[in-house]
Structure formats: C-alpha cells, structure tokens
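The values are calculated or read from the model by the stated rules, or taken from the named source; none is laboratory data. Note that this is a predicted model, so its numbers are computed, not measured. Every residue, glycine as well, gets a Cβ built from its backbone with ideal geometry; the counts of neighbours run over all protein chains shown. Quick note on the areas: whole protein, heavy atoms, side chains included, nothing else; ligands and nucleic acids left out. Shrake-Rupley method; radii C 1.70, N 1.55, O 1.52, S 1.80 Å.
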Amino acid sequence: MQILTLCLLYEMGKGKSSWWYPYLMHLPRSYDVLASFSEFEMQALQVDDAIWSAEKAVSKAKSEWKEANSLMDALQLKPQLLTFRAWIWASATISSRALHIPWDEAGCLCPVGDLFNYAAPGEESNDLENVVYLTNASSLSNGETADDSTGDQPGIGLERLTLTNASSLEDTSLSNGETTDDSNGDQPEIGSERLTDGGFDENMAAYCFYARKNYKKGNQVLLGYGTYTNLELLEHYGFLLNENPNDKVFIPLEPSMYSFISWPKVSIYIHQDGKPSFALLSALRLWATPPYQRRSISHLAYSGSQLSVDNEISVLKWISKNCTMILSNMLTVIEEDCFLLSTIVKIKNSHNPTELRKLLCASDGEARAFIESSDPQKGKNGSELMFSGKTKRVIDRWELAVQWRIRYKKILIDCISYCNLTINSLSCQNILAMRT
C-alpha cells in the first residue's frame, strides 16, 4: 500500500503532465477516515474501543509516512506532497477507493469503477442482472497499455478502462452456479463470484461489476464492498450508515466465562437491531447453568436451544444489566447527543453571521469546548464570524463521531428494550404454567 500511495503522490506532483491528471483532479480533496481524526474528534467517539481504533489508525499512518520519507525525498516530491496531511490524503484515497486484485494486496485504483457508492449487503436484491464488464486497456502487472500510441505511459496501478455491455444473467444462476448460454463464447465463468458485487476476472483481463437489481436510467448504482460495521466504514471509507445491518456492539464477558466456552470474542455481540448474537446467548446460557450440569447440556446450548425459562431470564437480565452499565459509563446520554448533533448541523448550515454568533454564544458543554478550541475567524468588516476550511473539516469529522456514538448507544438501548420485553413474556409464560 505504501508503494501505491507513493505512486499516487508522484503522479500528483506531475500536475497536468501526468497522463492521469483528469482522473486525479476528480478525486476528493479530503477524507474523513479515522487516520485523519484529531484528538478532539477521537474523544468525541466516547467508546474506548473506538478511540483505540482511531489512535491505532493515526499511529499506523504516521509510521508508514516516516518510513517513506527517504524515498519521497529521493523522488524530489514538491514540499506540499511531503507532509503528513498529503500522506493521509493519498493513503485514504487508496483505502477508500482501491479495488482488490489477486496479485497485489494494495489493490488498484480503477477510474469509473470507484464511483459506485456503498450498499450494505442485505439491502440489495439478490438478483444478478445487467452484468457490466469494465475492460482494462492497460495491464496492471507490467504497465503496458492497449494503445500503442500511449505505450510510454507509466503503469502505477491505475487501471485505464473502457465500458462495454454484456448480456444479463438468468435469475436461476444464483442457485445453481451456472451461467447463461453465450454463443459468443466470451461470457465469464462467474460461479461463486456472482455472490459478490465485483472482482477481477483473470481470464477476461477485466474488472467485472455485477448489479443485484434492475437499474433505470438516472438511478444511482450501489455496490456492496463487503460486510462492515459503522466503525470499520469510518476507518476505511470515511462515512457511516444510518441503518447498517452489519453494525454491532461487542459485549465483553467476565474473564471466568471464557474458560468454558469455545466461541471467539468477535462473535460475542449485540446485533444492529438490539438482539443478542447466537454465540452470546449460547455462551451465557451455559454460564447460567450450574457447573455440574454444563457438560450434559452443553450440546443444547451450542445448538442455540433455550435450556429453561429461568435460565433464559437470567441470561437476558445479565445482558440488560451490562448494556445499562456500558451506557451509564459514557460521558453523555443519547438525548444530549441528539441535541448536540442538531447544534452541529445548525453550525454547518448557518450562513447568517448574526445567527451564527447567537448560536455560538448559546452553546455549552462539548460544543463550547469545540468553539473555544476552533477560534472562529472574523470577516473583513470585523463583525462577521467564519470558520476556516480546516475547521469546517473538523466539524464534519466531529459530526461523524457524534453520529457514530448515537448509533452505538441506540443498539444498547434497543437491546435493553428487547431483553425486558422478552423477560416479561417469559415471566407470564411461567406464571401461566404454574397455574395449570
């Protein structure tokens, strides 16, 4: 990845003389990935694991930047391209836009192919229709181009592509793994790859993208990059989803609990809808069982079966209690976060100097701390307040951090509600059973 990052900076340094100049000029000027977060934005996440992930991302980026310094000097890059900020931009471009290729873990930048926005798996239809092949006009492995007249252009891992149409797949291809008949003989053997939204086909020497539903002219085409939590989306891509079916909150068990369960820690979590994961329920059902009975009923716990009403109530009470404890240890409650988020939105959308001044004066808590640290600049007439471009980017990342922690807390709150409702239902069943 460092090599591709360096190549990107090198091409940027060429300016208009770079063959890739039109593509490079359309890249975003900044990204909101975790590696770009300042200390203020990291702390705004509030959750220790999330803060640690952000700190690790920044530390990793700084380490890679320092390792590449000598080579960047040797390449005689322009001073502005030698900075850590420039490195963050280039590495974030690779992280958020690079596509997987089998021969290089850094991936490749793919013009046009990197324009598709994200759709979390599970939101899109499973239909695979309207297959589009983006056929490369240059070899990624040796830097040669298809057009002899441009054969002297450097191969830096950036694919030059042309768009061609292909026949659609039958709906039945999903279930039986067979492709539709193609008399031209150039229909790719998609097989299991059809269950993903894109991949490099070595036989076709093309990057193939698969639409999971019918798109009409003017519709936005969305692709699934994989299953990511909101924190992972923020780390690698710089955005998050309001409703992410793959989001989760990990619940740490007591140290003694891990001694008699075989589930990995990554499987112990709360789903986005507030329901405990299969592994979390199974582990706690076994834990809530008297030690002398665990061996005889462990197969039932691992199969996902409820062991008894009392056992299930104990498990749900433990989960509800721990979710409540996590929430109580956080600096703010979700209602405060929602109010803060609305304030941030108002700050971003305030174009009236008088309104902005009133808003800043009325702010307190976290918003007041931000305003004091950001030091709004005065306009030309001395009375108007305005934020620098750098401060505006800080506000964007701050907003993302607050949005993330709101969704985190909502999962915990929904889990508490789910547990309490289920406990009430089970208790009623117990009472009815006793009466009969």
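Name the residues in the stretch 288-317 that are open to solvent by 70 Å² or more (accessible area, probe 1.4 Å) and modelled with pLDDT of 90 or more, would you? Hit for the stretch 288-317 is Lys317, nothing else. Put simply, of Leu222, Leu286, Leu233 the only residue that is in contact (Cβ under 8 Å) with a residue 24 or more places away in the chain and closer than 17 Å to Asp49 by Cβ is Leu233. Here the condition is being open to solvent by 60 Å² or more (accessible area, probe 1.4 Å), modelled with pLDDT of 80 or more and either in contact with a Pro (Cβ under 7 Å, 6 or more places away or on another chain) or not small (Gly, Ala, Ser) (or both); of Cys323, Cys338, it holds for Cys338 alone. Checked across the stretch 243-251, the condition of being open to solvent by 80 Å² or more (accessible area, probe 1.4 Å), modelled with pLDDT under 85 and not in a loop (DSSP other than H, G, I, E, B) holds for no residue. For the stretch 1-23, filtered to residues that are more than 22 Å from Asn69 (Cα to Cα) and in a helix (DSSP H, G or I), the residue that is least open to solvent (accessible area, probe 1.4 Å) is Tyr23.
Restricting attention to the stretch 240-254, the residues that are over 20 Å from Ile319 (Cβ atoms) and touching a helix residue (DSSP H, G or I) at 6+ places or on another chain (Cβ under 6 Å) add up to 2. Taking (1) closer than 24 Å to Phe239 by Cα; (2) modelled with pLDDT under 85; (3) open to solvent by 30 Å² or more (accessible area, probe 1.4 Å) in turn, Ile431 satisfies each apart from (1). In the stretch 65-87 there is at least one residue that is under 25 Å from Asp114 (Cα atoms), part of a helix (DSSP H, G or I) and open to solvent by less than 20 Å² (accessible area, probe 1.4 Å). Does Ser149 fit the bill of being in a helix (DSSP H, G or I) and modelled with pLDDT under 85? Criteria met by Ser149.
Listed here are the residues, each with its yes/no results for (1) open to solvent by less than 50 Å² (accessible area, probe 1.4 Å); (2) part of a helix (DSSP H, G or I); (3) modelled with pLDDT of 85 or more.
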site: Ser342; (1), (2), (3): yes, yes, yes
site: Lys348; (1), (2), (3): no, yes, no
site: Glu355; (1), (2), (3): no, yes, no
site: Ser373; (1), (2), (3): no, yes, no
site: Lys380; (1), (2), (3): no, no, no
site: Lys392; (1), (2), (3): no, yes, no
site: Gln403; (1), (2), (3): yes, yes, yes
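The residues of the stretch 212-238 that are part of a loop (DSSP other than H, G, I, E, B), within 26 Å of Gln403 (Cβ to Cβ) and open to solvent by less than 60 Å² (accessible area, probe 1.4 Å), listed by number, are Val221, Gly224, Gly226, Tyr228, Thr229, Tyr237, Gly238.
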